[in-house]
Each structure stands twice: as structure tokens, then as C-alpha cells.
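What follows is calculated from the coordinates using simple rules that are stated; it is not laboratory data. Bear in mind the structure is a predicted one, so any value in this text is a computation, not a measurement. All Cβ positions, even for glycine, are placed from backbone atoms using ideal geometry, and neighbour counts span all protein chains on display.
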Amino acid sequence: MGQGGARGGPWTWVAGVLLAGALLRLLAATELVPAWEAGTRRAAFPDLYPTLAASLVDRATLGFAPLGASITTARGPAFPAWLALPMLGGLRGDRVLAWWASVPGLLGALLAAWATARFGGSPGRPLALAIAAAVAALHPLPVFASARGMPDEFCGVLGLTGLVGWRLAESSAGRGRILWTCASSLALGLAMLARATGALFLAAVLGTAVLSSRAALRRAIVVACLALIPALAWSIRSSRLEGRPVFVHSLAAYNFWLGEAQDRFGFAPDPGRGRARADDLMAREADIPAAQASALWYRRTPEETAQLEEALTRAATARVTGDPLGYAGRVLRGLVRFWIGAETRSTTYAYAAIVLPFLALLVAGALSSLRFPRDPLSLALVLAIALHALFYAAVCPMARYSVAVYPCAALLIGLGYSRRGSVLPP
């Protein structure tokens, strides 16, 4: 194949993948997921992000009214702000918002393909671009989660953007370095405003810089300082509302006990039964009234959220310090549940069927990429994925949370396939 064909071929494939991804996500948002929710009697948008978005548009504040608390500290503002964009044009239908929630995954697929072309080590494997795009755009788990209005893929795309921007800043000089540093910091800052765990992407940058050089560490500290500005500004707002220190948003201890209930009791007949068991466990362990534990989180005021979180935090600390070996076992089991875990057995089996082939590609891509000399991007991607897995294994390991690392995993797989000496098939 001539040089022109080598250049044109892979991007034609990427365009085809992105088109297929757009159609799949449109079908999932408008037909497949609504039909599944109706058949299983699940509510659309279980985390109520469209309600938060409407609050931003209608009342210029982040809250769940009229559902409950007029203002909330249970969520960050970035994903509601994204969903608010079509609302500004009068588009508030469930199917429109579900599809719009899926758009970041397509942007992440394009970025993964572009970064594979930019940083890949072997121009003889142009198929790598299409593979990276396909993993990000077409994998059923991110498609399903985003169509249900969950912010994990949105956060993951911002995290990937921050890592790629940081890598471009490292390879640039002068004005280019300044621009890419600012772009990376902005993306990482927004990732933290989507989920507090977006800070793990920033930790991956800092960890990679520590292993590189003092100059790289100094530049990474600049990125961190800039990225933390919006997150700390929102943290001040949340802390004032709750009357205690809060990083971006609350409910960390609440999620810890959701994970503890899953580990203790195993699969539930249905998600509602599983959540009820978790509420009972929280009430018993934190020594609080059952009604307080079972109160829906979107009906709590910031003060009520703070009271519950403080009680659950004390109970979680006692659980960990009282049985450290037992908790270590829970974390080890959580490393598996992070990728395939769900509240019901049938859903877990379904996740396993679609995730295990992906994990095989991810491991192969990581092994291949880390063999490539002096490549900080691959190391940062590996660290970001590993930190997410460890954090959620320790708190609340569920497959839906793993969606946040799929954009990074797509790039890592693409890089691994593109580089010479890859352990992936030629």
C-alpha cells in the first residue's frame, strides 16, 4: 500500500467505527434501554442527573427540587451542566438526553484513535486506530451506562483528555507547552467536577512525573495546581453547605456501605431488595434510625447528608480497623467485582461475557505499551486504570464504575497494537 493509502485507509475505518458507534448509541438511547427499563420495571436515569440539569437551567442552582432537597451536595456540577446544554434549546425529552449523555463516548473514541496515531510506535499497523475507536465507541457496557444517564464515561473522557493534553505539553515547548498545560488542567479539573474520583487521573499524572524527572514533576505540579482550582472552589461551596470538609461532593461513606452489603450478602433477587438490605445494614452498623438510613439520598438536605455521612464514616472506620484482614479480603474480591460486578447474578454473568474479552485486550495492550521505551503516556494510562480499580475495590466495586476507565483502556489497547513487538496479533 502506498503512503497515501496508508494515511487515508485507517481514518476511513475510524470514520466507519464512529458512525457505527453513533447509530448504536442512538438505538440504545431511544429504543433498547427504554425497552429494557420498561420490561424490568427500572426507572430511567436512576441517578436523576436530568433533574439536576433542569435545576441549573431553571433555578441557577444544583438541586433536586421538586423531588426533595432544594439544593444538594450529593453530586458535582459538570455532568448536569453537560445535560443542561440541550435543555437551553428546549430539548428535555428522556431519549434526547440519553443520547446526549452518550455523545462524550464518541468524542473519546475519536481522541483515542487520534492519540494512537500521534503516539503509536508502528505506522505499519494502521488498524490500531480503528481498534482504539471501536473499544471506546462500541463496547456495550459504556453504551448501556451512558444511555441510562450515568456520568462515568463523561468523567473518563475528560480524564483521557487531560492525560493526552499533559503528554502533548511534555513534548512541546514555548507557547505550545503553555496551551497544552492549560488544556490538560481544564480537562482534569472538569473530570473532578464530574466525579470526585476524577482526582485519580490527576494522581496518575503526578505518579508518572515522579518516575520521570524532577523537571517533569515540577510541570505536573503546575498542572495539578491549575486543575484543582475549580474542584476546590466547588468543595468550598459543598463544605459550607454541609458544615464540614467535603471534596466536591458527598456520599463516599454511603457508597462504602453499599459495597459492604454486596460483599456480605452476595447477589440480591433484584436491585430494590439489594438496596433495602444495604439500608438495613447501614442503620444497624451506624446505630441510626432505620428511617434515616433508608431515606432516599436526593431528599436529604446538605445538613442531613453531613449527619448521615459522619455516622457512616465512623462505622466504616470501625469496620476496617476492627477486621483489617477481612477488609483486605473484601478489597481483593472487589478487584474482580469492579469489572463485572452487579447487584444481581444474571447481570453479573452478562457483564462477564462482554468484559472478559475486553480485559484480555487490555492486559495485552498494557504489556506491549509498557515495553515501549520512555513512554510516559502508557504509564499514566496504566496508573489511572489501576488507581480506579483499587479505589473502587476498597469502597464500592461495581462494573458501572469501571466505565470511567474505558476511554483510557481504549487508547492503551490501540497503542499496544500499534507498537512493534506487540503481544497482540499482527
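If each residue of separation counts as 0.36 nm, what is the full-extension length gain between CYS182 and GLU31 once their alpha-carbon separation is subtracted? Could the numbers behind the result be given before it?
Working: separation 151, 0.36 × 151 = 54.36 nm, distance 3.96 nm.
Taking 0.36 nm per residue and subtracting the Cα distance, the gain is 50.4 nm.
Prolate is the label for segment 152-293, because the ratio a/c of its alpha-carbon gyration tensor axes (a ≥ b ≥ c) is 1.5 or higher and a/b is greater than b/c. When you restrict to C-alpha pairs under 8 Å that are six or more residues apart and normalise by the size of segment 269-406, the relative contact order lands at 26 percent.
Would you mind calculating the gained length between VAL57 and GLN292 on full extension (0.36 nm times residue separation, minus the Cα-Cα distance), in nm to one decimal?
81.6 nm
Report the one residue of ALA291, ALA133, LEU88 whose Cα lies farthest in the direction of the positive end of the charge dipole of segment 10-418 (charges on C-beta: Lys and Arg +1, Asp and Glu -1; origin at the Cα centre). Among ALA291, ALA133, LEU88, the one farthest towards the positive end of the dipole of segment 10-418 is ALA133. Quick one: in segment 261-354, what % of C-alpha pairs are over 23 Å apart? For segment 261-354, the share of Cα pairs beyond 23 Å comes to 35 percent.
Considering only alpha-carbon pairs that sit under 8 angstrom and 6 or more positions apart, the relative contact order computed for the chain is 21 percent.
Under 11 Å from a label point set 7 Å out along the Cα-to-Cβ vector of LEU325, no amide N atom of segment 239-269 is found. Expressed as a fraction of 2.2 N^0.38 Å, the C-alpha radius of gyration for the chain is 0.98.
Scanning the chain for DSSP H helices at least 30 Å long along the axis (C-alpha atoms) with a Kyte-Doolittle mean no lower than 0.5 picks out 3-27, 94-119, 214-242, 345-371. Extension gain for ARG371 to SER213 (0.36 nm times residue separation, less C-alpha to C-alpha distance): 55.0 nm.
Taking R0 as 51 Å, what's the FRET efficiency between LEU332 and ARG175 from their Cβ-Cβ distance, rounded to 0.05?
So the FRET efficiency works out to roughly 0.60.
In this simple spin-label approximation, ARG314 and ARG118 carry label points 7 Å from Cα along the Cα→Cβ vector, and these lie 5.0 nm apart. Across all directions, the average flat footprint of the convex hull enclosing the Cα atoms of segment 340-426 is 5.7 nm².
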